[in-house]
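S.K.: Just passing along the structure, written as structure tokens.
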Amino acid sequence: MRSLRMAPPLPLIFLLMTVGAFGTEWSVKYNQQEICALKGSTVFMNGTYTHPERLTVTETFWGIDPVPQVDLTDLSKDPDYSGRVECLTDEQKHFSLKLSDVMKKDEHMFGFRIITNEKERWLGTPGVQLRVTELHVETLYEVTEGETADLACKTTCSLTDPTFIWYKNGRPLTTKTIKNNQLHLQTVSSEDAGSYNCAVRGYQHLNSTAHNLRVRYPPKSVSVSISPSGEITEGSSVTLTCSSDGYPPVKIYTWFKEGGTSPVGYGNSYSIISISADHTGLYYCEAQNDHGAQNGTVMVTVKISLHLLSPSSVQNADPNAKDDSYTALQPTARSSDDVYHTLAAVQSSSPDDPYTALDPQSSSEYDTPANQLSVVEELLELERREVKL
């Protein structure tokens, strides 16, 4: 009896013919299907390929947005990529694409093309998707002193195992808490205010744009200055100026004098015109913003001009004296009692009583009007000397 053999199904016959005809099959395998790269960096796309053993590869290159049965343009011949791409292959059938100075417009699907000696070709689809990102700092623009603040270094795609570095005012931060892509500021103070940016280790030159963090806090370091500086004399004018550090900036300044209950002025400066001894005392300004207030003080001391004796004071000592101040000193025009009163006035006007020895009551030799006039002249001479000094 003749045995009958069943014919294999058609698909299997076709598969056998394909394997028998071509041996090793075509294949293109990429190491990564998607790559996230920093703008300005250099990126590598790698993979391996196989082809039928009977064929010899004559050309390989990369192109963008590969579509089956459609010719692919060699990137090295594309003006947008010329000078920025380098294609590499080796005998073990490894291939790679090096793309330098990555730009945002480079966000495409990149595919690898193989061409053989028999004009057969193979295209690795779908390819490698390139994403391009920049770093940016994300946080609140303003925080209040004493609060907690978190700053995040953000990207639009996921970088491969990045290590983030933080900078404040251009200097690396090493004492703050950094976890993953976040910078944690615990109990914020006014000193934490500043410009922050971030980078990825190995690409420090591609850091993010700066983010200015503002910290709200009450006035600090309130100080008061006097202008003009130096000795303050009666009749002059002075201006007190108050300055402080705070955010938001201080706009409310109130002036007080020690011992008083009501303000003496407002604004960051307070002027006293034609100052007198009554203005001597401790002044303080209160600097205030939305978060608190602080005072600054200054002592104002007015020097009193003390004249031991002058022609006008002698004249004022006698309400009946004539306009000529020296006429009041004539022995023939005034009695000894008048001169005595003049001497008494001079004596009482001196805070230190340096002329006690000249008191007419302490010595009989000053009893005569002539001697009393001599004493007055001596006093006038002493005053002139003091003024010159």
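Each value in this text was obtained by applying a stated rule to the coordinates, not by laboratory testing. Computed from a prediction, not measured in an experiment: that's the story for all the values here. Cβ coordinates were reconstructed from backbone atoms using ideal geometry, including for glycine residues, and neighbour counts include every protein chain displayed.
S.K.: Would you mind checking which residues have amide H under 5 Å from residue 252's amide H? H placed 1.01 Å from N; only 5 or more apart, or other chain.
M.R.: Residues meeting the amide H criterion: 288.
S.K.: Which order results if 192, 78 are arranged by neighbouring Cβ count within 10 Å, fewest first?
M.R.: If I rank by nearby Cβ atoms, fewest first, I get 78, 192.
S.K.: If you don't mind, another one. Between residue 117 and residue 25, what FRET efficiency follows from the Cβ-Cβ distance if R0 is 22 Å, with the result rounded to 0.05?
M.R.: Using R0 = 22 Å, I get an efficiency of 0.80.
S.K.: Here's another thing I want to ask about it. Just for the Cα atoms in segment 67-134, what are the lengths along the principal axes, largest first, rounded to whole Å?
M.R.: Rounded to whole Å, the extents work out to 43, 26, 21 Å.
S.K.: By how many nm would the segment from residue 58 to residue 80 grow when fully extended, if each residue of separation counts as 0.36 nm and the alpha-carbon distance is taken off?
M.R.: Numbers: separation 22, 0.36 × 22 = 7.92 nm, distance 2.51 nm.
Value of the extension gain: 5.4 nm.
S.K.: Quick check: pseudo-label points 7 Å beyond the Cα along Cα→Cβ at residue 299 and residue 138, how many nm apart are they?
M.R.: The answer from the label model is 5.8 nm.
S.K.: In segment 110-152, how does Rg compare with the Kirkwood Rh, expressed as the Rg/Rh ratio over alpha carbon atoms?
M.R.: 1.58
S.K.: Given bins 10 angstrom wide, list per bin the percent of all Cα-Cα distances in segment 23-132, short to long.
M.R.: Pair shares across the bins are 15, 50, 29, 7, 0.
S.K.: For labels at residue 174 and residue 65 in the simple 7 Å Cα→Cβ model, what's the distance in nm?
M.R.: Rounded to a tenth, the inter-label distance reads 4.9 nm.
S.K.: So who's got an amide H within less than 5 Å of the one on residue 110, skipping anything under 5 residues away but keeping other chains? H placed 1.01 Å off N, in plane.
M.R.: Hits under the 5 Å cutoff: 65, 128, 129, 130.
S.K.: Now for a separate question. Among 93/179; 98/176; 168/257; 39/93; 154/251, which pairs are too far apart, with a Cα-Cα distance over 32 Å?
M.R.: Listed pairs above 32 Å: 93/179; 98/176; 168/257; 154/251.
S.K.: With 18 Å as the cut-off, how large is the P(r) tail for segment 136-209, expressed as percent of Cα-Cα pairs?
M.R.: Within segment 136-209, distances greater than 18 Å cover 35 percent of Cα pairs.
S.K.: Apply the Karplus parameterisation 6.51 cos²θ - 1.76 cosθ + 1.60, with θ equal to phi minus 60°, to every residue of segment 288-301 and state each ³J(HN,Hα) to the nearest whole Hz, in sequence, with x for glycine and proline.
M.R.: 9, 10, 5, 10, x, 8, 8, 9, x, 10, 8, 9, 9, 10
S.K.: Zone of residue 209 (label point 7 Å along Cα→Cβ, backbone N under 17 Å): which residues in segment 92-113?
M.R.: The answer is 104-105, whose backbone nitrogens lie closer than 17 Å to the label point.
S.K.: Under 5 Å between amide hydrogens, which residues at least 5 positions from residue 173 or on another chain qualify, with H placed 1.01 Å from N in the peptide plane?
M.R.: Correct list: 166, 167, 168.
S.K.: So what J values fall out for segment 249-258 if you push phi through Karplus, 6.51 cos²θ - 1.76 cosθ + 1.60 with θ = phi - 60°, rounded to Hz, Gly and Pro as x?
M.R.: Calculated HN-Hα couplings, in order: x, 5, 10, 10, 10, 10, 9, 9, 10, 4 Hz.
S.K.: Report the label-to-label distance for residue 105 and residue 48 in nanometres (one decimal), using points 7 Å from each Cα along the Cα→Cβ vector.
M.R.: Rounded to a tenth, the inter-label distance reads 3.7 nm.
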